[in-house]
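The values are calculated or read from the model by the stated rules, or taken from the named source; none is laboratory data. Because the structure is a prediction, the values reported are computed rather than measured. Backbone-built Cβ (ideal geometry, glycine too); neighbour counts: all protein chains shown. What goes into the accessible areas is simple: the full protein's heavy atoms, side chains included, and nothing from ligands, DNA or RNA. Shrake-Rupley method; radii C 1.70, N 1.55, O 1.52, S 1.80 Å.
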Amino acid sequence: MRRASADDVPAIVALLADDPLGATRESADLAPYREAFAAVDADPAHLLVVAEDDDGTVVGTLQLSFLPGLSRGGALRAQVEGVRVAAAVRGRGLGEAMLRWVAEESRRRGAVLVQLTTDTRRPDAHRFYERLGYVPSHVGMKLEL
C-alpha cells in the first residue's frame, strides 16, 4: 500500500469502473477525477491509497477519511470509500490485506471505529466485510443531488 499520486488517477478510475455498478457511474473524462484527486490529496484528513503488484501495476485502491465528531465522546471515526481490487487478482487476499491496513492506520491515527457503506446490490462484498469483522449495524441513507 502506498499513497496514490496524480499519475495513478487513470488506473484508479479504471478500477472504479470495472464492475457492473461502477460501469454505469464512472466517466471516461479524467478531468473531474484529477480535480477530485487534487482536493483529496491536499487534505490531511483524507488518504487515497493504491496497492501494487510485484510489477508496479496498480491492482487495488481505497480512500480512507478521518471524521472528527462529538458523538461517542468526541471520537474520531475512519470512513472507507471506493474499495476496489482488480478482477484479475481477486480471491488472493489483497482485499483483506487492504482492510487490515485500514484498521492499523486508523488505530495509529486514534480512530475508535472504521465505518463503510456498501451497495445493497453487492452481496459478495457484504460477506467479505462481515468475514473481516464488520457488522451491518446501520441502514445507510443517501440523497442524490
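If only one of 49, 114 is surrounded by 13 or more Cβ atoms within 10 Å (Cβ to Cβ), within 20 Å of residue 26 (Cα to Cα) and of a type in the set (A, V, I, L, M), which one is it?
On the way: 114 fails: within 20 Å of residue 26 (Cα to Cα).
Result: 49 is the single residue among 49, 114 that is surrounded by 13 or more Cβ atoms within 10 Å (Cβ to Cβ), within 20 Å of residue 26 (Cα to Cα) and of a type in the set (A, V, I, L, M).
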Next on the checklist: I'm trying to understand the selection: among the residues of region 103-118, which are in a loop (DSSP other than H, G, I, E, B) and in contact with a helix residue (DSSP H, G or I) (Cβ under 8 Å, 6 or more places away or on another chain)?
Outcome noted: 118
Checklist entry - Quick one: what pairs do we get from region 90-118, first residue within 24 Å of residue 44 (Cβ to Cβ), second small (Gly, Ala, Ser) and part of a helix (DSSP H, G or I), C-beta under 7 Å, 6+ apart or different chains? => result 114/103; 114/106
Item to check | The lone exception for residue 84 - which of (1) open to solvent by 60 Å² or more (accessible area, probe 1.4 Å); (2) part of a strand (DSSP E or B) it fails | outcome: (1)
Item to check | Condition met for residue 63 (in contact with an Asp or Glu (Cβ under 7 Å, 6 or more places away or on another chain), closer than 24 Å to residue 17 by Cβ, surrounded by fewer than 20 Cβ atoms within 10 Å (Cβ to Cβ) and not aliphatic (A, V, I, L, M)) | outcome: yes
Next on the checklist: From the list 40, 13, 85, exactly one residue is in contact (Cβ under 8 Å) with a residue 24 or more places away in the chain and either in contact with a strand residue (DSSP E or B) (Cβ under 6 Å, 6 or more places away or on another chain) or under 27 Å from residue 124 (Cβ atoms) (or both). Which is it?
Outcome noted: 85
Checklist outcome for this item: Residues in region 119-138 that are open to solvent by 50 Å² or more (accessible area, probe 1.4 Å), part of a loop (DSSP other than H, G, I, E, B) and either farther than 22 Å from residue 74 by Cα or touching a Leu at 6+ places or on another chain (Cβ under 8 Å) (or both) total 5
Checklist outcome for this item: Taking region 1-18 and keeping residues farther than 14 Å from residue 56 by Cα and surrounded by fewer than 16 Cβ atoms within 10 Å (Cβ to Cβ) leaves 6, 10, 14, 18
Next on the checklist: Can you report the number of residues in region 19-46 which are open to solvent by 70 Å² or more (accessible area, probe 1.4 Å) and within 20 Å of residue 118 (Cβ to Cβ)?
Outcome noted: 3
Checklist entry - Under 7 Å by Cβ, and 6 or more places apart or on different chains, what pairs join a residue from region 119-145 that is over 22 Å from residue 102 (Cα atoms) with one that is surrounded by 11 or more Cβ atoms within 10 Å (Cβ to Cβ)? => result 121/21
Next on the checklist: Quick check on residue 10: is it at negative phi and in contact with a helix residue (DSSP H, G or I) (Cβ under 8 Å, 6 or more places away or on another chain)?
Outcome noted: no
Next on the checklist: Among the residues in region 103-111, are any surrounded by 13 or more Cβ atoms within 10 Å (Cβ to Cβ), at pLDDT 95 or above and among the acidic types (Asp, Glu)?
Outcome noted: yes
Checklist entry - Within region 93-102, is even one residue in a loop (DSSP other than H, G, I, E, B), over 28 Å from residue 39 (Cα atoms) and not acidic (Asp, Glu)? => result yes
